[in-house]
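Beneath this line is the structure, given in structure tokens, with notes to follow.
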Amino acid sequence: MNDLILIINAGSSSIKFSLFAQTSADPELLYKGQVEGIYVDPQFSAKNAAGDKLADEKLPADSPRSHDYALRYLLDWVNGHTDGRKLAVIGHRVVHGGFNFTQPVRIDAQVLAELDKTVSLAPLHAPANIGPMKALASLLPDVPQVACFDTAFHRTQPEINQLYALPVELAEREGIRRWGFHGLSYEYIASVLPQIDQRAANGRTVVCHLGNGASMAALDQGKCVLTTMGFTALEGLPMGTRTGSLDPAIVLHLMTHLKMTTAEIETLLYKESGLLGLSGVSSDMRELHASKEPRARMAVEYFANRIVQQVGSLAASIQGLDALVFTAGIGENDDELRALVCNALRWLGVDIDESVNAKRSGEPRRISRADSKVAVYVVPTNEELMIARHALRCIAA
Ligand code: ADP
């Protein structure tokens, strides 16, 4: 039976996969795993849907350090776990769709050629995303492939919210606009909101995707009006190791006064800043909570404060706020951070029940009191499922 859906999420040093089976309802997760540290000390791991570890092993020491080899290793494992079933489709998470891709697309030679043009917009991610598509086209030529884009969901932002105040001609020529990211996560949240709260689904909702990478989006009737990430995933909130928005003149200062090179500034902005830079302790929220270092606490409060500021800005863009949704690693698991944010938003009509907030659950749930003007939810995101749905829809079309 051709009923399996393989999802590939390839980054610069890792390839993550999920294997789903088609059902009469939503695709059902069978396995997920990854090869990480591809160029250093590659390690393969895989789990079943219940989270039981099925594999955790180093790749052979003399094996090539390449995306191609990592992909073939991962495919071999998948092939050994199909139970005689066959792949119906492969879905790829693609960070950047540029101007051309505003929805998922079936991959062919023309699409690959268009995708090659997005490399200048996402020089770190695009080659890693595109490589496996090409490799799989020759390894499994009969299996259709579909690309799903993290920027696509944000193309509904009004033009004014997509522009920077740069000379228009230069910005358009270079593709310098507020693309936004994490779109597959927001799209998934928007897709489940109707089952959770009709008012949130049909009204004005701010979604906080708070993981190592963090962004927020204002949705009106499930469509994006404004998001905090922009030309790159550096804009907006501070993140694990990324600065978030800065006065751009700081970069000029680093260049002219400290004579820092482009590579040094890139490392500073992407790898050494954010929660790590502020705290001097860690980029990991759990470690910050556990630390007695005052700067660790300051970093947590700084993060919460910036989220609160963005809620104000995003709510203004949709002329009010009916619901607030927390998702991703921090958003789903960190009740302390959620409480810091929500308690600073009481003026806006946010009133959470602290004991409900503190409870743990892997299911979507409401943490605001019944009479809270703004309903507050914790909703686990599922970008892989969103891609699996898109991939099936695309091949059926
Ligand atoms: P990404 O996918 O962007 O790499 P995740 O969505 O996995 O990131 O989120 C990772 C973040 O979630 C880390 O900062 C981690 O500390 C945080 N996190 C995970 N579990 C918890 C928890 N129980 N309490 C607080 N933070 C948590």
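Observations, loosely collected:
- Our helix-only sum for the chain, with -39,500 (n - 2.57) per DSSP H run of n ≥ 4 divided by its residues, gives a mean residue ellipticity at 222 nm of -11000 deg cm²/dmol.
- Cα gyration tensor shape of the stretch 1-145, rounded if a/c is under 1.5, else prolate or oblate by comparing a/b with b/c: oblate
- Gyration tensor (alpha-carbon) shape descriptor, the chain, a/c threshold 1.5: rounded
- Only lysines eight or more places from residue 117 in sequence, or on another chain, were considered; those with a Cα closer than 17 Å are 134.
- Evaluated with a Cβ-only charge set (Lys, Arg +1; Asp, Glu -1), the chain carries a dipole of roughly 360 debye about its Cα centre, given to the nearest 20.
- Under 5 Å from the amide H of residue 353 lie the amide H atoms of 368, 369, each residue being 5 or more positions distant or on a separate chain, with H modelled from the backbone and absent for Pro and chain starts.
- Rounded to the nearest 20, the Cβ-based charge dipole of the stretch 335-389 about its Cα centre (Lys and Arg +1, Asp and Glu -1) stands at 140 debye.
- DSSP-assigned coil residues among trypsin sites (Lys or Arg not before Pro) in the stretch 284-381, each with at most 15 further Cβ atoms within 10 Å: 292, 359, 360, 369, 373
- Less than 5 angstrom separates the built amide H of residue 326 from those of 208, 377, 378, 379, all sequence-distant by 5 or more or on a different chain.
- Reach of residue 86 by Cα under 18 Å, taken over lysines that are not fewer than 8 positions away in the same chain: 32
- Among beta bridges that DSSP assigns inside the stretch 1-148, antiparallel share in %, nearest 5: 75 percent
- Of the solvent-accessible surface of the stretch 1-115, computed with a 1.4 Å probe and all protein chains present, 46% belongs to carbon and sulfur.
- Rel. contact order, % - alpha carbon contacts under 8 angstrom, at least six apart, the chain: 14 percent
- Residue-count net charge about residue 254 - beta-carbon cut-off 14 Å; Lys, Arg +1, Asp, Glu -1: -3
- Gyration tensor (alpha-carbon) shape descriptor, the stretch 108-239, a/c threshold 1.5: oblate
- DSSP beta bridge pairing in the chain, given as percent antiparallel to the nearest 5: 65 percent
- Largest accessible area first, the listed residues 347, 77 line up as 347, 77 when surface is computed with a 1.4 Å probe on the assembled protein chains.
- Sites matching trypsin sites (Lys or Arg not before Pro) across the stretch 170-274 that sit in DSSP coil, with at most 15 neighbouring C-beta atoms within 10 Å: 259
- Positive contributions from Lys and Arg (+1) and negative ones from Asp and Glu (-1), summed over other residues with Cβ under 10 Å from the Cβ of residue 21, come out at -2.
- Farthest toward the positive end of the dipole of the stretch 94-222, out of 132, 99, 191, is the Cα of 191, where the dipole comes from beta carbon charges about the Cα centre.
- Helix screen, the chain: DSSP H segments with Cα axial length of 30 Å or more and mean Kyte-Doolittle hydropathy at least 0.0 are 294-317.
The values are calculated or read from the model by the stated rules, or taken from the named source; none is laboratory data. In this text, all values refer to a predicted model and were calculated from it rather than measured experimentally. Don't worry about glycine lacking a Cβ; one is built from the backbone with ideal geometry, like all the others, and counts go over all protein chains shown. Heads up: the accessible areas ignore ligands, DNA and RNA and are worked out on the full protein's heavy atoms, side chains in. Shrake-Rupley method; radii C 1.70, N 1.55, O 1.52, S 1.80 Å.
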